[in-house]
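Read through the structure below, which is laid out as structure tokens, and then see the notes.
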Amino acid sequence: MNNNLTTIDILGELFGSKVKARLLKFLFHHPQEAFRIGEIARRIQSNYNTTHSYMKDLYRIGLVKIQDDSRNKDKKEEKKETSDNKMQNQEETITQNSSSDSLKILPEVPTALPLSPDHIKNQKLEKTEDEPEGRLFIVNRFFPLYKELSTLVLKTNPISEKEVVSELKNFGRVRLAVISGAFLNASNCPVDFFLVVDDLDRGKFEEFMKKLEAEVGKPLNYTFMDTSEFTYRYNIYDRFIRNVFKNAHRTLINELKFEL
């Protein structure tokens, strides 16, 4: 057995794709939120077509369902109400004109011309439930295997700690790196990722964190500071620093001479 496999690697083998594994993690981390496919694709760092294909598979088996967009529904009802009011006003105007001594001749309304075959062929088909792109999706918590799948997908550390350590060396002089919270399935932790680093390349680091968020399936709470700030806050018994190490955590890098 390869002990270096991450949860994403294992789920990728089970479900046939690492992208699908990230998709499932994302959905199970947001059981009460609805998303459009484009938003999901961006959050899991996948392209639209691949995400759309996998979402159709999950929709077909009933693991996800379509949720009405209340905003669009309100707009439709408002538009319908406005249209009904216009029709009512027109009817009242016609009635008033008819009762007057002199009738006004209204302009003739041109009838619509028949559509040509080419025009009909080029019309975009209305979306059906079999092609639900553009709609809001939400995970179906009444799916028969929801609990079992959720436990399987969300269990254990979703990242390769060795790969994280290797990547961190590209962002600056890392003195301390600690993972907690989402990486250890621990709650009530002040941060998921804590970093003490000098000369940080912030752009590269934030891109790396987006990659980790795609792997974990939800936004990560992270904090970084340089060595001088950490030393000062540690020595004055800063509450935040103490809470980081009081809660469940795992140290990936420690080049500081502090008792943590």
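The values are calculated or read from the model by the stated rules, or taken from the named source; none is laboratory data. Please read all numbers here as calculations on a predicted model, not as lab measurements. Cβ sites come from the backbone with ideal geometry, for glycine too, and all protein chains shown count toward neighbours. Just the protein is used for accessible areas: all its heavy atoms, side chains included, with ligands, DNA and RNA removed. Shrake-Rupley method; radii C 1.70, N 1.55, O 1.52, S 1.80 Å.
Filtering the stretch 245-260 to residues that are open to solvent by 70 Å² or more (accessible area, probe 1.4 Å) and not in a helix (DSSP H, G or I) leaves Arg250, Asn254, Glu255, Lys257, Glu259, Leu260.
Within the stretch 45-59, residues that are crowded, with 19+ Cβ neighbours inside 10 Å sit with their Cβ atoms under 7 Å from residues that are of a type in the set (Phe, Trp, Tyr), at 6+ positions apart or across chains, in these pairs: Met55/Phe137. Taken together, the criteria exclude Ala214 from residues that are surrounded by fewer than 17 Cβ atoms within 10 Å (Cβ to Cβ), out of contact with any Asp or Glu (no Cβ under 8 Å at 6 or more places or on another chain), of a type in the set (A, V, I, L, M, F, W, C) and within 30 Å of Pro31 (Cα to Cα).
If you go through the stretch 17-64 and keep only what is in contact with a strand residue (DSSP E or B) (Cβ under 9 Å, 6 or more places away or on another chain) and part of a loop (DSSP other than H, G, I, E, B), you end up with His30, Pro31, Gln32, Glu33, Ala34, Arg36, Leu63. Only one entry in Leu168, Leu212 is out of contact with any Ser or Thr (no Cβ under 8 Å at 6 or more places or on another chain) and under 24 Å from Gln32 (Cα atoms), namely Leu212.
Go over the candidates Arg233, Arg242 one by one and state the one that is without any contact (Cβ under 8 Å) to a residue 60 or more places away in the chain, in a helix (DSSP H, G or I), open to solvent by less than 60 Å² (accessible area, probe 1.4 Å) and at negative phi. Result: Arg233 is the single residue among Arg233, Arg242 that is without any contact (Cβ under 8 Å) to a residue 60 or more places away in the chain, in a helix (DSSP H, G or I), open to solvent by less than 60 Å² (accessible area, probe 1.4 Å) and at negative phi. Of all residues in the stretch 158-200, those satisfying the criterion of being open to solvent by less than 10 Å² (accessible area, probe 1.4 Å) and not in a strand (DSSP E or B) are Pro158, Val164, Leu168, Gly181, Phe183, Val191.
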